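Asker: For reference, the structure I am asking about is given below.
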């Protein structure tokens, strides 16, 4: 990097798309986050069967709510496809030069004031009722379970275009079982801000984390010899389980052991 005339370093060049156009600011940040999530999902999918044989696997399985590999892999597959769909949408929007807008959240001051208690003037005669629009057909049972119903990439792309970006990020986090303890502080803070400012809900992600943890405990209670040791892992122990924190380059802990010094 060349220095400028004042002796200080020149600012980094703004991110660009494949055609060399300057990438909109928010889209560039979103693409970085999606790329990290996508890399983690693919890495975990490639190593999960090996990890399942390790005694520390419950620390990962608890975040999915089950140790059933078929269920875990189904969620990983959907999360990976959802991330690809979001990535495709963001790249397509960047080509138009339009950024993603921050979602304005409603506050108490935005809500309508309470109805007055004073007597109201006589109302005009009731008008004929306007027929209600037909309800959308309900989704079939099990449509939210990727093990029973796996959407196509095209279906997820249509869904991503209709939803707030923050909501899709929250869905990806749930599918890939991304929780604060698995992330670097900086990356989790970034995800928190994305969900908060772009229409997602961190509370939903954390409620799902708690629900899955309880479901996993109930599943493990039925197995002889199961323990809750995974609940008490320290942060450096979690790093050993994953091999890295999300936000860092993926590392396979088993490969690192196999190729380490004798």
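Asker: In segment 228-259, what residues are farther than 25 Å from residue 42 by Cβ and surrounded by 11 or more Cβ atoms within 10 Å (Cβ to Cβ)?
Answerer: 228, 229, 231
Asker: Tell me, yes or no, whether segment 58-72 has at least one residue that is modelled with pLDDT of 95 or more, in contact with a strand residue (DSSP E or B) (Cβ under 9 Å, 6 or more places away or on another chain) and either surrounded by fewer than 17 Cβ atoms within 10 Å (Cβ to Cβ) or under 24 Å from residue 184 (Cα atoms) (or both).
Answerer: no
Asker: Within segment 120-215, considering only helices (runs of 4 or more DSSP H) that don't extend past its boundaries, which have at least 1 residues that are modelled with pLDDT of 95 or more and in contact with a strand residue (DSSP E or B) (Cβ under 9 Å, 6 or more places away or on another chain)?
Answerer: Ranges flagged: 185-197.
The values are calculated or read from the model by the stated rules, or taken from the named source; none is laboratory data. Keep in mind it's a predicted model, so treat the numbers as computed, not measured. Every residue, glycine among them, receives a Cβ derived from its backbone with ideal geometry; neighbour counts consider all protein chains shown.
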